[in-house]
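Structure, as structure tokens:
The values are calculated or read from the model by the stated rules, or taken from the named source; none is laboratory data. Here the structure is a predicted model, which is why all the values come from computation and not from measurement. FYI the Cβ positions are ideal-geometry reconstructions off the backbone, even for glycines, and counts take in every protein chain you see.
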Amino acid sequence: MNRRYCLLLLILMIIASCREDIGEKPANLLSRDQMVNVLTDIHLGDAVYQTRSFSNEKLMKYSESDFYYSILKKYNLADSVFEKSLIYYSGKPKEYEKIYTRVINKLTEMEQEEKKKTQQPIQLEQQEEK
């Protein structure tokens, strides 16, 4: 009996967590485009933070939260507005997936553009046949 109760409770929790409707939209909800831009910059900032010891010693004095708040400052966003928007969209899995697909696409495009800048064609000398 106890196993059935636990199983039923688990199934109800799974069903409840998959609901699309998470309540009302926050008053200052960021648009999907704004979320894509902010999340892209947050991931870029996180990458810089994670690799800062390899790139520049001046970056070592900054904390992860310094990077996070500098991005919010760039977009003139209060952290509460971003967090409420993040919670809202993450409660809508289909919407959140669309946003993150755009973030990944944008990061991939940026990576490809950067690779194009650093890659130089190699001039191969042709050897004469003997």
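Criterion first (exposed (fewer than 15 other Cβ atoms within 10 Å of the Cβ), at pLDDT 85 or above and of a type in the set (A, V, I, L, M, F, W, C)) does Ile11 satisfy it? Spell out the reasoning first.
Working: exposed (fewer than 15 other Cβ atoms within 10 Å of the Cβ): yes; at pLDDT 85 or above: no; of a type in the set (A, V, I, L, M, F, W, C): yes.
When the stated conditions are applied, Ile11 does not pass them.
Scan the stretch 117-129 and give yes if some residue there is modelled with pLDDT of 90 or more and of a type in the set (A, V, I, L, M, F, W, C), otherwise no. Steps first, answer last, please.
Start the filter on the stretch 117-129 by keeping residues that are modelled with pLDDT of 90 or more, which leaves none.
No, because not a single residue in the stretch 117-129 is modelled with pLDDT of 90 or more and of a type in the set (A, V, I, L, M, F, W, C).
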Any chance the stretch 30-47 includes a residue that's surrounded by 12 or more Cβ atoms within 10 Å (Cβ to Cβ), at pLDDT below 90 and among the charged types (D, E, K, R)?
yes
